[in-house]
Structures are given as structure tokens and as C-alpha cells.
1. Whose amide H sits under 5 Å from the amide H of Met54, counting only residues 5 or more places off or on another chain, with H placed in the peptide plane?
2. Looking at the chain, identify the longest residue range that excludes and avoids all trypsin sites (Lys or Arg not before Pro) in DSSP loops having at most 10 other Cβ atoms within 10 Å.
3. Taking 0.36 nm per intervening residue step and subtracting the Cα-Cα distance, what contour gain separates Ala352 from Leu264 on full extension?
4. Using the eigenvalues of the Cα gyration tensor, what equivalent ellipsoid semi-axes result for region 278-324 when each is taken as the square root of five times the eigenvalue, whole Å, largest first?
5. Name the cysteines of the chain that stand alone by the Cβ rule: no other cysteine Cβ under 4.7 angstrom.
6. Under 13 Å from the Cβ of Val179, count the other residues' Cβ atoms, weight Lys and Arg +1, Asp and Glu -1, and hand me the total.
7. Pull up all non-local amide H partners of Ala309: gap of 5 or more, or a different chain, and H-to-H distance under 5 Å with H placed in the peptide plane.
8. Report the equivalent ellipsoid semi-axes for the chain in whole Å, largest first, defined as the square roots of five times the eigenvalues of the gyration tensor built from alpha carbon atoms.
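Read-outs throughout are calculated quantities, based only on the coordinates presented, and are distinct from any laboratory measurement. All values reported here derive from a predicted model rather than from experimental measurement. Backbone-built Cβ (ideal geometry, glycine too); neighbour counts: all protein chains shown.
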Amino acid sequence: QKTFPAQKEFHQAVHEVLDSLRPLLAKESKYERYNILQRIVIPERQIGFRVTWMDDAGRIQVNQGYRIQYNSTLGPYKGGIRLHPSVNEGIIKFLGFEQIFKNALTGLAMGGAKGGSDFDPKGKSEAEVMRFAQAFMSELYRHIGPLTDVPAGDIGTGAREIGYLFGQYKKLVNRYEGVLTGKSLLWGGSLARKEATGFGSVYFAEEMLRERGESLEGKTCLVSGSGNVAIYTVQKLLELGAKPITVSDSTGMIHDASGIDLDLLKEIKENRRESLTSYAKEHPGSRFISVGEYPKDHNPLWAIPCFAAFPSATQNELNEKDAKHLLQNGCICVSEGANMPSTPSAVEKFLAAKICYGPGKAANAGGVATSGLEMSQNASMTSWSFEEVDMKLHGIMRGIYRAAKETAKEFGEPHNLVLGANIAGFRKVADAMIEQGI
Ligand code: NDP
């Protein structure tokens, strides 16, 4: 905290992990002997760079670019690229740090990394997005490679951005290789990658609920966000016969008591790239609440009664008061599609209430797991069917749940999947670090 006083999200993520590790460290002295904690919180390599591009009016624009290669113990660095005006070094560090443990939990050979820029793709023309992506890759290309570091999408980086990034990489290195995941299906992408994080988060919820003899069928669910993760969370919930009734974006939220209209949501967000105000206009009976109307201290989305909640927008979007509302209204399951969407005091509430709570690094690991499957397909120059990838994804999500649950039981807190996921992920990376020497 003394060295990086401004990086509050990074401190939050580190505190949560270190706190969970207490019982492990009390039982096992080798991690201290090998100074693993200090080694694991400092990235192996951190790249910061200037991204200069020209807008449509001929003005020169400058953005910050980042790639933080956190830990390569288990495989090539792997993690998304976030394009959002809120991006700074602390945000990328928090995401990269989380990615180490998430990737370890998938059981695939992937190290942890994250990157991004404070560039905002919103409101930019296609040509501007392309020029930015080309400028970003003109520096990034020298630091990545299919066996070194394989970036992917995240907030603001979808198939379009991945396409422009890949095109520039290929030009610069003169090689066609699987250096990015989340690629188009026309040229090396994996079926089911687009759906994977949302589907995975719902599969994780199903696993948690099964243990209590519950299911999602016929149940009312709340989803936040309306991007890649949220859309495919809504889709899987509908497929399972559940009733998702909310989505949100940076302008506000939709409450549609009849159930979210998935086709309309996709049309507005994936094709037209419009805000959710269009949804309310085109879907009579739904209600749009703008961010300006939100109460100061809580998000009205989480105050709607539900059985299960799927925060799938961004970090710290669900606070203690929101958690209280969810619990008071009978919510018994929270599965985090986003990274660190619940504040520490909200997490405390969920754990104290002993509901089914799936922390992001476990519940949203389906995206990176399927990116790992995309890497396998690229390396073997094959492509698997949707069903095959989805089946593997489902198996991986079950495996992550089991690993977190069994570890939580081993340490005497069977309901605490935060502790379970953190210890299971940490132990794997730390033991491998010890074996690989300093
Ligand atoms: P998208 O860019 O596709 O969608 C993000 C959604 O969240 C949009 O609806 C956006 O609103 C909203 N949002 C983003 N930032 C804010 C903010 N500061 N305030 C309010 N709303 C906001 O991103 P993804 O769906 O890919 O990512 C969502 C979350 O899931 C992130 O936490 C990401 O790190 C995490 N995640 C994503 C994975 C993936 O495979 N994509 C994998 C694992 C985790 P608007 O449309 O107005 O911009």
C-alpha cells in the first residue's frame, strides 16, 4: 500500500487473497520460507507504453497502453485486454493478479496477465477503432507470442477489436499464429468462446445449487451488464427455463418483468451498439431507470426480489447495501460473471448468510478456459464442434467448483468458496514456483 497508494482495486484484490490464505500459511511453512507471497504479488514484467493514433478529424490522439505479465509459472501469460476510460495501472494489476489464480483453477497450462488502455471505443468510428488497435499492437507485438503471452478480449474488446489487433500482429511478425483468443470463427476462433464466460457462470451456479437440492428452472434471476458476459448469461438462463428480468449498462438498467427479450438485447448491443434506452422504447412493458435516477448509496437493480443474481458488468458494482437487499428479498445464489463485482463488505454479507456465493475467479473462469481450448485447437490446426467445446467447458466448470468446494471443506469452512478458490489456485501456482526455483 505504501509503494502504490493509488491502486485501490489492486489492494482490494490482494487483501482478499492474502486473507483467505491465512489458514494455509498457518499450516504450511514452506510458502514463507520461499517468500512466495512477496514474489506472487509483484508482476514478473510490466509494460507501459504510449499509443498514438489519428482520429477522423486528423487530430493526433494519445492513450496509455499496458500489458502486465504477472506470472508464467503454469504456462504462457494469458489474460484479456480492457479498453475503457477507467483503465489505469492499478486496475490492470488487480485483473492480472486475479487471473493467475483463475487460470490455475481451470487446470489448463496458462499463466496470468492482463492488459488494456484508457481508450474508449464507444462513439468512435470503425476507422478510429482500427487505427487505435493498429497503434496499440505496433508496440505490443514485440512482447507477445503463442508460447509467450496470448491476450484476449475483456470490457470494450470484442471480436471486432481482436480482428484489427490480429491483422496488425500478422503484418508485423509475418507469421500466422494463435497469438490472440476470441478470434472470429472465420479465421481461427473457437465455437462457444463467445458464449463461454456467461454459460460458465450459469453452470457454476447450477453446481452450487445442486448441492442444496435446488435448480434454476422457473426461477427469477437478476443480471447486470449487457455486454459479452451478461448476454450469454441471459441466454443460458433462458435455455434452462429460468427467468432473467434485468440487464444494465453505463447509462442505466432495464427491468423487464416478463423476462429479457434476448433477440432484442443482442440486436441493440451486438449489432447496433446502442444504449439500453432503445430496449425500453422497443419493448413495451419494460422499464428503463437511468443512472441519474439511481439512489446515491445503492443500485436499484439489486433491490428487485430474485432467487439468483449474476453481476456481470464491472468491479465493485454491488455494495453492502445491495447485498442486504438481495438477502432480505430471498436471493440464495450469487454467481459472479464480472471480476470482483462485489465490494469486500458485500462479500462478507454473502459469506455470513451462507448462501451459494461463487466468486469471480471461479465462477467466470469459463471464458479463459475456453480461450485455452482455442489455443489447443490452433496449435493442432483443428476445430471442435460447439457441443464438444461446450461439454469441455461444462466439465471444467464442474472441476473448478469441486476444487474450490473440497479445499473449503479441507479448511473447515465448507460454504466459503472464496477461501476454497483462493487456496486451491494459490497452492497450485506456489508449489510450481517452488519446483521451478527462483
Ligand atoms: P463488455 O464490454 O462486453 O460489457 C461490459 C458491460 O458492462 C457493458 O454493458 C457496459 O456498459 C457495462 N459496464 C462496463 N463498465 C461499466 C461501468 N464502469 N459502469 C457501468 N457499467 C459498466 O465486457 P464483458 O462482458 O466482456 O466483461 C464484463 C465483466 O466480465 C468484466 O468485469 C470482465 O473483466 C469480466 N470477464 C469477462 C470475460 C470475457 O470472456 N469477456 C471473462 C471473465 C471475466 P456499456 O455497454 O454502456 O459500456
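1. Sorted by chain and number, the residues that satisfy this are Gln61.
2. Within the chain, the longest run free of exposed trypsin sites (Lys or Arg not before Pro) spans 297-438.
3. Answer, rounded to one decimal: 27.9 nm.
4. Gyration-tensor ellipsoid for region 278-324: 21, 13, 11 Å.
5. Cys221, Cys306, Cys331
6. Its environment carries a net charge of +4.
7. Amide H neighbours of Ala309: Leu222, Cys333, Val334, Ser335.
8. 30, 29, 21
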